[in-house]
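J.: Would you mind keeping the following structure in view while I ask a few things?
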Amino acid sequence: MKGSFAVAMRAIRNVVNLDASIVTNIVVCSENFRFLKQYIDVLVQARVSKTIFLFIVPEGNALRNSSLIPALPEVIPYVQDAVDYANIKGVYPALTFFPFCALDPYYISYAAEAYMPDRFKDPEAFSARRHRPPQCLRCACYRLCPGVWEAYYTLHSFCFKPFPVRRRSVGSRHK
Ligand code: SF4
């Protein structure tokens, strides 16, 4: 709707002026993933100090307009750059719905699923609509990682790279 951006910005400023903390969410899709740094600039302008990047969920209208759903390998470099940029600009970033093995290891610590394990501890309960190939079942991150949605896999496929499960050696038990 025309003018709604200005209205939203005014509302945010009003809340920030009351010393309340605001967390914004952005659904990362084909339309915006190249402009995430500009989005951070807008947050800085509005004095918003926390934001969550959510990878688009391929359901409902998003699935009906599947061109909105980008391929993860194309998106991830922009998301990681935006995380770095947000840190420089004093905005605390978090990620959600990004499979851990698609991220460079440093960025996994920004995944809400990793640092809020109680919320996401059971992937089966979290969503039955996830694509769970055998590679995920033998991955060290299986209990926390959101993986990819079944509909995403149908659209773009995905190269799963499981993290090795560390096993204690027989000798280490006696240390
Ligand atoms: S292999 Fe599966 S469970 Fe492991 S990080 Fe990748 S998507 Fe997540």
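J.: List, please: which pairs have Cβ atoms under 7 Å, are six or more places apart or on different chains, and start with a residue in the stretch 98-115 that is in contact (Cβ under 8 Å) with a residue 40 or more places away in the chain and within 21 Å of K50 (Cα to Cα) and end with one that is more than 9 Å from the ligand (Cβ to nearest atom) and hydroxyl-bearing (S, T, Y)?
T.: Between residues of the stretch 98-115 that are in contact (Cβ under 8 Å) with a residue 40 or more places away in the chain and within 21 Å of K50 (Cα to Cα) and residues that are more than 9 Å from the ligand (Cβ to nearest atom) and hydroxyl-bearing (S, T, Y), the close pairs are A112/T96.
J.: Another question about this same structure. Taking only the stretch 16-44 into account, find how many residues are over 20 Å from V57 (Cβ atoms) and in a loop (DSSP other than H, G, I, E, B).
T.: 5
For (1) surrounded by fewer than 18 Cβ atoms within 10 Å (Cβ to Cβ); (2) more than 9 Å from the ligand (Cβ to nearest atom); (3) at pLDDT 65 or above, each residue gets a yes or a no:
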{"site": "L137", "(1), (2), (3)": "yes, no, yes"}
{"site": "L144", "(1), (2), (3)": "no, no, yes"}
{"site": "W149", "(1), (2), (3)": "no, yes, yes"}
{"site": "S157", "(1), (2), (3)": "yes, yes, yes"}
{"site": "K161", "(1), (2), (3)": "yes, no, yes"}
{"site": "R167", "(1), (2), (3)": "yes, yes, yes"}
{"site": "G171", "(1), (2), (3)": "yes, yes, no"}
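J.: Of all residues in the stretch 86-105, count the ones that are assigned to a helix (DSSP H, G or I) and crowded, with 18+ Cβ neighbours inside 10 Å.
T.: 4
J.: Hey, another quick one. How many residues does the stretch 45-61 contain that are crowded, with 16+ Cβ neighbours inside 10 Å and farther than 20 Å from A112 by Cα?
T.: Counting residues in the stretch 45-61 that are crowded, with 16+ Cβ neighbours inside 10 Å and farther than 20 Å from A112 by Cα gives 1.
J.: Further question: Within the stretch 1-44, track down each residue that is surrounded by 12 or more Cβ atoms within 10 Å (Cβ to Cβ) and hydroxyl-bearing (S, T, Y).
T.: Within the stretch 1-44, T24, S30, Y39 meet the criteria.
The values are calculated or read from the model by the stated rules, or taken from the named source; none is laboratory data. A quick note: this is a predicted structure, and the numbers were derived from the prediction, not measured. So basically every Cβ, Gly included, is an ideal-geometry build from the backbone, and we count neighbours across all protein chains shown.
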